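The values are calculated or read from the model by the stated rules, or taken from the named source; none is laboratory data. Just so it is clear, the structure is predicted and the values come from calculations on it, not from any experiment. Neighbour counts are summed over all protein chains in view; Cβ atoms, including those assigned to glycine, are modelled from backbone coordinates with ideal geometry.
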Amino acid sequence: MSCNSGDSITFAPKIKQQKEQMKALFMTSDRMLSQVDMRFVRYLHEQINWEARLIAILGTRGVGKTTLVLQHIRLTHKPQEALYVLADDFYFAEHRLFDLALQFYQQGGKYLYIDEIHKYKGWSVELKNIYDQLPQLNVVYTGSSILDLERGGADLSRRKLSYTLYGMSFREYVNMSQGLSLPAYPLQEILDGGVEFPMKDLRPLQLFRQYMQSGYYPFYAEPGYRERLNGILKQMTEVDIPMYAEMNIASVQKLKKLLYVLAQSVPFKPNYQKLERDLGISRNTLPQYMLYLEKAGLINVLREKAKGIKVLEKVDKVYLNNPNTAEALSEAEAEPDTGNMRETMFLSWMRVGHFVTASPVSDFEVDGITFEVGGRRKDKRQIEGLERAYIVKDDVEFVYRNEIPLWHFGFVY
């Protein structure tokens with residue numbers, strides 16, 4: 001009896017401490033939930049199978065992963081059955097992720113949401129254990145795409161459903177900024193001229209110019225958009241990628257210089273010999289740096305049309321991820337090239353849900369359809385005689401035969 005009494009005395013303070021710590025986590029979670037803006041929910045919310053036991057929501061910094069998760073909790077769950085935690089919370093200085101999951105589950109929890117999972121060391125092993133040992137607990141985690149590569153993500157490949165959240169489409173920007181609910185359209189419907197827009201009230205080209213400068217990220221309306229975007233780019237190049245790739249300071253500087261060179265040269269046709277000479281980066285290292293920039297969401301790589309694994313090898317051009325990034329990285333006295341911005345925007349939209357390669361005769365091939373991108377005076381010579389080919393024109397409002405306004409493609413998601 002004395003042993004049991006001693007055990008009670010020993011464990012009572014510990015149990016009380018655990019309850020207090022869990023209470024503090026719930027208070028933080030509730031505070032975050034109370035502050036989230038519910039007026040606009042991103043496109044990906046309806047595409048996620050939220051019933052899956054393990055869900056990864058990936059995407060570059062600033063695209064809205066945290067907001068999406070918090071909105072889903074508000075829209076779906078009852079109080080106390082869902083818990084939102086940041087992976088770098090002070091709680092994890094003394095506790096394991098698995099311990100939290102177990103305690104939460106034992107107290108009736110059903111849905112655990114872990115934000116910025118890459119900030120927790122050894123996260124993939126613990127998520128695997130949670131999945132295997134707590135089958136009635138659903139887990140959703142967010143992280144940067146680059147951090148879900150071989151190191152970590154592969155351990156969970158059979159267990160998780162993975163989704164990528166991209167920056168805002170033009171449709172989402174219009175809906176969010178104007179308080180509208182315009183629908184998305186399948187690609188074929190866009191090509192058939194099916195996009196409807198409230199022309200009586202709004203001018204699409206005016207909104208489109210605003211979007212191209214500062215509308216790709218959901219924080220577009222906040223003060224200091226460009227400064228905040230520059231901060232995100234700095235964080236990715238100075239912290240995220242170097243931490244993942246275990247880079248030293250000299251390598252970080254070369255990576256940043258490579259991004260700057262690409263920003264001034266896009267669309268960039270890779271010339272590794274010239275880059276090696278200009279940047280002092282070995283030819284064996286350059287493809288790896290390009291891969292890091294691509295997976296981090298800083299650049300988009302347009303590959304040549306090929307079969308099988310060869311499509312991963314043949315790079316035709318390199319673009320920045322989106323026009324807002326191009327604006328942020330451009331030199332103060334120089335505006336980004338208009339033609340490059342058009343192509344950058346088209347590629348950024350079409351890669352969401354479609355297979356895009358370089359066209360042997362034009363700019364792009366999307367799901368087997370050829371597209372030539374240009375301004376209002378762009379002619380049809382490059383696509384003459386092709387069966388399924390379209391001219392994508394900037395600075396026009398309406399469809400004319402196979403000439404489609406560029407902004408229409410911003411309604412694809």
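At-a-glance table
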{"item": "Some residue of region 269-278 being over 18 Å from Val318 (Cβ atoms) and touching a residue at least 40 places away in the same chain (Cβ under 8 Å)", "result": "no"}
{"item": "Top-ranked residue of region 368-403 - restricted to ones that are over 27 Å from Gln210 (Cα atoms) and of a type in the set (Asp, Glu), ranked as nearest to the chain's Cα centre (by Cα)", "result": "Glu387"}
{"item": "Which listed residue, of Leu112, Leu70, is out of contact with any Ser or Thr (no Cβ under 6 Å at 6 or more places or on another chain), crowded, with 21+ Cβ neighbours inside 10 Å and part of a helix (DSSP H, G or I)", "result": "Leu70"}
{"item": "Residue satisfying condition, being at pLDDT 95 or above and under 23 Å from Gln235 (Cβ atoms), within set Gly122, Gly64", "result": "Gly64"}
{"item": "Test: residue in region 144-151 that is within 19 Å of His45 (Cβ to Cβ), touching a residue at least 40 places away in the same chain (Cβ under 8 Å) and not assigned by TED's automatic domain parsing to the domain that holds Ile241", "result": "yes"}
{"item": "Region 221-255, residues that are loosely packed, with under 15 Cβ neighbours inside 10 Å and touching a Ser or Thr at 6+ places or on another chain (Cβ under 9 Å)", "result": "Ala221, Arg226"}
{"item": "Every residue from region 273-290 that is in a helix (DSSP H, G or I) and either of a type in the set (S, T, N, Q) or surrounded by 15 or more Cβ atoms within 10 Å (Cβ to Cβ) (or both)", "result": "Gln273, Leu275, Glu276, Leu279, Leu286, Gln288, Tyr289, Met290"}
{"item": "Flag for Val315 being in contact (Cβ under 8 Å) with a residue 12 or more places away in the chain, over 28 Å from Asn271 (Cα atoms), surrounded by 16 or more Cβ atoms within 10 Å (Cβ to Cβ) and touching a Pro at 6+ places or on another chain (Cβ under 7 Å)", "result": "no"}
{"item": "Exclusive hit being at pLDDT 95 or above, over 30 Å from Glu172 (Cβ atoms) and surrounded by fewer than 18 Cβ atoms within 10 Å (Cβ to Cβ), set Gln80, Gln133", "result": "Gln133"}
{"item": "Residues (among the acidic types (Asp, Glu), buried (at least 17 other Cβ atoms within 10 Å of the Cβ) and assigned to a loop (DSSP other than H, G, I, E, B)) located in region 356-380", "result": "Asp363"}
{"item": "Residue within region 242-250 that is acidic (Asp, Glu) and closer than 30 Å to Leu182 by Cα present", "result": "no"}
{"item": "Per-region count, region 24-42, residues loosely packed, with under 14 Cβ neighbours inside 10 Å and of a type in the set (A, V, I, L, M, F, W, C)", "result": "3"}
{"item": "From the options Pro218, Pro204, Pro198, Pro186, residue that is within 21 Å of Tyr400 (Cβ to Cβ), crowded, with 17+ Cβ neighbours inside 10 Å and not assigned by TED's automatic domain parsing to the domain that holds Glu46", "result": "Pro204"}
{"item": "Pair list, Cβ < 6 Å and 6+ apart or interchain, from region 161-179 residues that are over 20 Å from Tyr141 (Cβ atoms) to residues that are of a type in the set (Gly, Ala, Ser) and in a helix (DSSP H, G or I)", "result": "Ser169/Gly410; Phe170/Gly410; Arg171/Gly410"}
{"item": "Every pair of residues 6+ apart whose Cβ atoms lie under 8 Å, when the first sits in region 199-213 and is without any contact (Cβ under 8 Å) to a residue 40 or more places away in the chain while the second is of a type in the set (Lys, Arg) and part of a loop (DSSP other than H, G, I, E, B)", "result": "none"}
